[in-house]
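Comments concern the structure below.
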Amino acid sequence: MIFFLTGLVLAKVYSYFILPKKCNESPKINPSFYPLMFKGMLIIPISNKKCVHIHHWLIYLFICLSGLFFKIPKIIIGFSFGLLVQGLLYKDCLKFICDNPYN
C-alpha cells in the first residue's frame, strides 16, 4: 500500500509542477512533433480542420486496467491512478475532437 500511496504523491507533485491548471493551456514540458504531439498533448490529425485529442487520463486508465492482468509495480499504478483522476477533473475531459492546431 505504501508504494501505491507514493505513486499518488508523485502524481500530485507532477500535476502541480508540469501539467496546466486550466483547460486549453500547455503543460510546462511541451514538445511538438507532427503528426502525434502538439505542445505536449497527443493530438492526431484526421482532416485539415479536425484532430483527435488523446487525453492523458485515457493513457493512465489503460495502465491502471492493465494492472489487473499484468504485474505492474504498485508505484506505477498509484501514479497512473492519480493522473487518471486529475485528468478527469478538467472541464474538457470528454472532448476528443478538436480544431487542428497544426495549421
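Every number in this text was worked out from the coordinates using simple rules, so none of it is lab data. If you're wondering where the values come from, they're calculated on a predicted model, not measured in any experiment. Don't worry about glycine lacking a Cβ; one is built from the backbone with ideal geometry, like all the others, and counts go over all protein chains shown.
Quick notes
- Cα-based helix-to-principal-axis angle, 74-88 vs the chain, degrees rounded to 10: 40 degrees
- Here the label points at Lys12 and Met37, each 7 Å from Cα along the C-beta direction, are separated by 2.8 nm in the simple model.
- The chain: proportion of alpha-carbon pairs further apart than 21 angstrom, %: 39 percent
- If you take all other residues with their beta carbon under 11 Å from the beta carbon of Leu19, and give Lys and Arg +1 and Asp and Glu -1, the sum is +3.
- Paramagnetic label zone (point 7 Å from Cα along Cα-to-C-beta, Cys98; backbone N under 17 Å) in segment 10-41: 18-41
- Here the calculated FRET efficiency for Lys91 and Ile2, from their Cβ-Cβ distance with R0 = 35 Å, stands at 0.55, rounded to the nearest 0.05.
- Relative contact order (%) - the chain, alpha-carbon pairs under 8 angstrom, separation at least six: 35 percent
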